[in-house]
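The values are calculated or read from the model by the stated rules, or taken from the named source; none is laboratory data. This structure is a prediction, so every number in the text was calculated from the model and none was measured. Note that each Cβ is placed from the backbone with ideal geometry, even for glycine, and that neighbours are counted across all protein chains shown. In case anyone asks, the SASA skips ligands and DNA or RNA and just uses the protein heavy atoms, side chains included. Shrake-Rupley method; radii C 1.70, N 1.55, O 1.52, S 1.80 Å.
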Amino acid sequence: MKKINLISAVILSVFLLSICYGQENENKSTGSMRKSTASSQMVQEINNVESQIIDAVKAKDIRRFSNFLADDFKGVYANGIYKKEDEINRVKTSQLSSMEKSDENVVFPAENVAILTYKANRKYVVNGKDMSGKYNVSSVLVKENGQWKVIEHTMIKEQK
């Protein structure tokens, strides 16, 4: 049953991301439809937000960490779908000692929406259980009142 729920959640996430990614903005000056384009500054801004989140988790700075999560945050993991409060409690009972990122990519399907993907190699313990390994990671961020907030985060451990 949990496997079906996880598969359903992943399918729903992919469906919603495909709808969001397919959205186009009308260029008012030319009347043409185009995808939002991202500047290197916008990409750097998203990467900086992600680095600040990782630093907050390492430092166990729960107040700073929670400020990066949207109120309607959802975390999709192998063991379930988490709400904001669940995610905060998970970080409280965890210890992230290291995390290396690679293959980072950021796309902006709309001006206030960013999709970040990357591979992570991390040393991580949650509730005394070693969760270290290589993961594929995806985060959807929305800009609210001038601040980027994570609305959806997924981590899937690579299969050996």
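Cα-Cα over 19 Å: which of Lys58/Lys143; Lys84/Lys160; Lys84/Lys157; Lys101/Lys123?
Details: Lys58/Lys143 24 Å; Lys84/Lys160 30 Å; Lys84/Lys157 21 Å; Lys101/Lys123 12 Å.
Listed pairs above 19 Å: Lys58/Lys143; Lys84/Lys160; Lys84/Lys157.
By its C-alpha gyration tensor, with a ≥ b ≥ c as the square roots of the eigenvalues, how is segment 55-97 shaped: rounded for a/c under 1.5, else prolate for a/b larger than b/c, else oblate?
Details: a/c = 2.30, a/b = 1.27, b/c = 1.81.
In terms of gyration-tensor shape, oblate.
In the assembled protein chains, Asp71 presents an accessible area of approximately 140 Å² (probe radius 1.4 Å). Give me log10 I(q)/I(0) at q = 0.18 Å⁻¹ for segment 58-160, Debye formula, one equal scatterer per alpha-carbon, no solvent. The computed values of log10 I(q)/I(0) come out as -0.94. Couplings 3J(HN,Hα) for segment 135-150, derived from phi with the Karplus relation 6.51 cos²θ - 1.76 cosθ + 1.60 (θ = phi - 60°), are 10, 9, 10, 9, 10, 10, 10, 10, 7, 10, 6, x, 10, 6, 10, 7 Hz, where x marks Gly and Pro. Using the charge dipole of segment 56-160 (Lys, Arg: +1 at Cβ; Asp, Glu: -1 at Cβ; taken about the Cα centre), state which of Met99, Gly75, Ile115 has its Cα farthest towards the positive end. It is Met99, whose Cα lies furthest towards the positive end. Rolled with a 1.4 Å probe across the full set of protein chains, the surface gives Lys119 an accessible area near 80 Å².
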